[in-house]
Amino acid sequence: MEMAGWAFVAGFPLALDRRYEAETHMWVLVTEPGRARIGMDPVGIETSGTLAQLSFAPVGTELAVGRPFGQLEAAKFVGPLVSPVSGVVLGVNDAVAANAGLAERDPYGAGWLIEAGLDESGGELAGLLADPAEITAWFTTKIARYRLEGVIAQ
């Protein structure tokens, strides 16, 4: 099923108006030139289990692709939140830090994690999945693999 800007893949919503880092399930939504919101897609959240706590680097922290910008504690996973972009932390979602369940309930809206000022080049955006057909194919493949491995329920 598809709505404008959205797809539903095997029961999971997928926002098609943003870019994705395929390995970490992080999404990037450019909100204005040089500024983006970063969050985690619902499959990434589902594979982590029920979220217990999210913590983020403070405003002003330098971001680098592949480096942590925070910490996730959940039922099935404890570990770093890995940045899909380089830049600087401009803001953190205090509501999600206070109530991690918000990221589970609304991962593409109120459940965003941080706001980032992007490096001038913005080159790493080119390395993220951006084409809706490519995003949908990746998401479909990941869900099928996770279900086959028993990571998420049928």
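Values in this text are rule-based calculations from the coordinates and carry no lab data. Quick caveat, the model's predicted, so the values are computed rather than measured. Ideal geometry is used to build each Cβ from the backbone, glycine not excepted, and the neighbour counts take in all protein chains shown.
Please tell me if Gly79 is assigned to a strand (DSSP E or B) and closer than 22 Å to Glu149 by Cα.
yes
Is it true that some residue in segment 22-31 is under 17 Å from Tyr146 (Cα atoms), surrounded by fewer than 15 Cβ atoms within 10 Å (Cβ to Cβ) and not polar (S, T, N, Q)?
For segment 22-31, residues under 17 Å from Tyr146 (Cα atoms), surrounded by fewer than 15 Cβ atoms within 10 Å (Cβ to Cβ) and not polar (S, T, N, Q): present.
So how many residues does segment 49-72 have that are within 19 Å of Val28 (Cβ to Cβ), among the hydrophobic types (A, V, I, L, M, F, W, C) and not in a loop (DSSP other than H, G, I, E, B)?
5
So which residues in segment 1-43 are within 11 Å of the chain's Cα centre (by Cα), hydrophobic (A, V, I, L, M, F, W, C) and part of a loop (DSSP other than H, G, I, E, B), if there are any at all?
Hit for segment 1-43 is Ala22, nothing else.
From the set of residues in segment 94-121 that are in contact (Cβ under 8 Å) with a residue 24 or more places away in the chain and assigned to a loop (DSSP other than H, G, I, E, B), which is farthest from Val43 (Cα to Cα)?
Per the criteria, the residue is Glu120.
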